[in-house]
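Just so it is clear, none of the values below were taken in a lab; they were calculated from the coordinates. Everything numeric in this text was worked out from a predicted model, so none of it was measured. Cβ atoms come from the backbone with ideal geometry, glycine included; neighbour counts cover every protein chain shown.
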Amino acid sequence: MTDTPGWASPGSAPSPEGREPGASGPAEPAEPAGRPGAVEPAPQPGAEPQGPGEKWSKEQPPPGQWSAPTGAPSPHQAPPPAPPGPGWGGPHPGAHHPGGPGPGGYAGPPAGYGAPPAWGGGWGGPPPAAKPGVIPLRPLGVGEILDGAVSTMRTYWRSVLGISLAVALLTETSLVVLQGLVLNDALAGPALDSRTATPGEVFRSLRDTMIGTGLVTVVSAAAMIIATALLTTITSRAVLGRPVSTGEAWREARPQLSRLCGLLILLGLIIAGVIAVGALPGILVLAGGGSDAGGSALLVLGILAAVLVAVWLGVRYYLAAPALMLERQGIRTSMGRSAKLVRGSWWRIFGIQLLAGLIANIVSAIVTIPFAVIGAAASGDGMADVLNTDGGHVGWVFLIIRGVGSLIGTTLTLPISAGVTVLLYIDQRIRREALDLELARAAGVRDHATGAPGPVPGS
């Protein structure tokens, strides 16, 4: 007997009591159930013995052509089609045939039951991941990371561009003032000409340059720290599809600003220390009166090796800032988190970081260079003065017009750089720690594993 429901092999009825299946000889009289006193007739002489319960004729149709058991076979009835070969897409063994129901009285599957799809067709892969915000909640590709950064700027442009514009305005104004008031006087004229300048003039020029550059560096660093903190908060909200104002981003980021400042200062000191250590042997050889060629070669090789180490450390701790801001961690813990997330993906993160920086610089150059050319033409300064190739004076008109171009370029590129950093951090946590499940719960997505998005609060 087969295990398929509705199917039964002929001659498989249970045998009467006291008889073994297939036993020969006449059967003992017995009283069938439900008919007291009835005696089974003895077999006729010449007839072949039949097994218990076997009422089938001696002449049977060929195998595979059993007719319906509800009626007698007709000699003119066409045999049913041969059963299909194994595999998906063929008719079910109990499907309706032109001649009636299938063997065993099975009339086929109930209405509405569809046949399974054929192999190799109809399956389009897993369902798409939920996307409550600017990125899908799954491991991201390079294009999706860049697109997510641009989408954040485009979707939340009021907050994002407002922050980047304020930072760029503060930075570029400081640079214009430094160039116009300090560097023009310190670098122009004979002050640094070795043939006419006195040691006092050289020292005074270097002192003014270092002071002005230091002030601009401090102002720019403070502005960048604030922009990084605010843009990190906005991007993390954009992943969940939740808008955030500048005031809300400031209230969330303010408790971590001091730690973020300490982190960036520490990373800067580490990079500078590595380069200083690499350059130290060459400096000592040159200062000790050794061979100039040997000392110079050692200095160059030491700086080159130090730069490579600094790049490796920079990528290793590239995700420390978003880890500190979004996980509310300390400086050392955030650096350890970055090292853990980057481990095994150093080249991928380096490549994405390099690509994002290249794109940002190209966009900035496309915006800034036309303004520099216009400023040079409007101010009457030659290109030699503009490029400072001869130490000439650069006019205020050129500085202001070029500053406007730099302002626009920084406003457009700063959100992209910050967004790529945050999305890389989120992507690494999705790959390593299944952060997408946490993000799905935070965004109110139901059945994230099946890709069925639910209602997003606030949508």
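Structure data summary
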read-out: Packing-based order for 416-424, 221-229, 249-257, using average beta carbon neighbours within 10 Å, highest first; value: 416-424, 221-229, 249-257
read-out: Around THR155: net Lys/Arg minus Asp/Glu count, Cβ-Cβ under 13 Å; value: +4
read-out: Among LEU341, VAL309, ILE359 - extreme Cα towards positive end, dipole of region 296-359, charges at beta-carbon; value: LEU341
